[in-house]
Amino acid sequence: MKAVDGVRAGDIRALARLITMVENQAPEAGEALRLLHSYTGKAHTIGITGAPGVGKSTLVDQLAREFRHRSKTVGIIAVDPSSPFTKGAILGDRVRMQDLCQDRGVFIRSMASRGAWGGLAETTADVITALDAFGKDIILVETVGAGQDEVEVAKTAQTILVATIPGTGDDIQAMKAGILEIAHIYVVNKADKEGADLVAAELEHYVSPIVEDGWQVPVVKTVAIENRGIAALAESIENHRLYLETTGKMAGTMEEKARHQVLAIAQRELMGKLLKIGANNGQMDS
Ligand SMILES: Nc1nc2c(ncn2[C@@H]2O[C@H](COP(=O)(O)OP(=O)(O)OP(=O)(O)O)[C@@H](O)[C@H]2O)c(=O)[nH]1
Ligand SMILES: [Mg+2]
């Protein structure tokens, strides 16, 4: 299959075309993904979530640079569940990331909710499959917001970062609504602002009793705009990957994801058939 061969050969345009096919839910996309599945399993997927404006894009940008310094190739997916279009904010990010775009070791893609069925989380998982099969070592997934959709998107990653900032008032209490629990690493960004130590201490107090199978969620302070704390954050991410590998959870999460993905594909195909039947006034045509 042409799309598969192109992606396997490291052709960036073939990768971009495949992702467009996935987003448009083109029938060939499912077949291509099925074939590409056997080439996946190498990438480490990192999700970054948190309220609007906390600095997720800046963190992604700096982490991408940090991993490039560590000779890793990087894929970036920016997901905005709230918009049916690719919004200005993400386009702005892309301009900011322009010099990263010039680096052939980095592939950046923005996505917004599309399609009548098939959730954004499923589409994100499919794009991750494509990037993984392409050979990216690190895949960074930025999700905007903190609702249920965003949590679902974040969960497509193996390591989840939840970012917060000092002085917003919407601290731990508000954040507990579904988002704190999913974190493997907390990031207190904008640590150049007053109150960073307080937020970090609060978070530490919150997480200190929680040790899940030997993983203690760390709280990492960063000043993303000044590239401070980024190396330490990359270290924590690396530690989490080692933890997943040594506990066998890496294989576990991948198996679970594959199962989830197969289900999602079946669901989408069934939905497509049902819609077609609906359009044909209830007559089965095939
Ligand atoms: N003072 C300070 N400002 C920062 C820091 N990191 C990011 N910013 C600024 O915060 C603003 C928002 O940063 P983004 O990276 O776009 O935040 P985001 O979370 O991706 O925003 P959305 O995608 O809109 O949700 C920008 O003006 C950044 O320059 C930091 O460590 N300190
Ligand atoms: Mg952003």
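Does ASP170 satisfy being among the acidic types (Asp, Glu), buried (at least 18 other Cβ atoms within 10 Å of the Cβ), at pLDDT below 95 and not in a strand (DSSP E or B)? When the stated conditions are applied, ASP170 does not pass them.
The rows are residues; the columns are (1) surrounded by fewer than 16 Cβ atoms within 10 Å (Cβ to Cβ); (2) modelled with pLDDT under 95.
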residue: GLY10; (1), (2): yes, yes
residue: ALA16; (1), (2): yes, yes
residue: THR20; (1), (2): yes, yes
residue: ALA32; (1), (2): no, yes
residue: VAL54; (1), (2): no, yes
residue: ASP61; (1), (2): no, yes
residue: PHE67; (1), (2): no, no
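Here's a check for you: in the range 134-166, which residue that is part of a helix (DSSP H, G or I) and either within 16 Å of ligand 2 (Cβ to nearest atom) or closer than 18 Å to ALA16 by Cα (or both) is most open to solvent (accessible area, probe 1.4 Å)? Ranking the qualifying residues of the range 134-166, first place goes to ASP149. When you look at THR86, is it modelled with pLDDT under 95, within 25 Å of GLU226 (Cβ to Cβ), of a type outside the set (A, V, I, L, M) and outside any strand (DSSP E or B), yes or no? No. Can you confirm whether LEU131 is crowded, with 24+ Cβ neighbours inside 10 Å and either part of a helix (DSSP H, G or I) or at pLDDT below 90 (or both)? Spelling it out, LEU131 is indeed crowded, with 24+ Cβ neighbours inside 10 Å and either part of a helix (DSSP H, G or I) or at pLDDT below 90 (or both). The set of residues in the range 187-229 that are in contact with a helix residue (DSSP H, G or I) (Cβ under 7 Å, 6 or more places away or on another chain), surrounded by fewer than 21 Cβ atoms within 10 Å (Cβ to Cβ) and assigned to a helix (DSSP H, G or I) comprises GLU202, TYR206, ILE225.
For the residues GLU269, GLU256, the requirement of being closer than 18 Å to ILE139 by Cβ and either at pLDDT below 75 or surrounded by fewer than 13 Cβ atoms within 10 Å (Cβ to Cβ) (or both) singles out GLU256.
The values are calculated or read from the model by the stated rules, or taken from the named source; none is laboratory data. These numbers come from a predicted model, not from an experiment. Here Cβ is always computed from backbone atoms with ideal geometry, including for glycine, and neighbour counts include all displayed protein chains. Please note that ligands, DNA and RNA were not included when accessible areas were found on the heavy atoms of the full protein model with its side chains. Shrake-Rupley method; radii C 1.70, N 1.55, O 1.52, S 1.80 Å.
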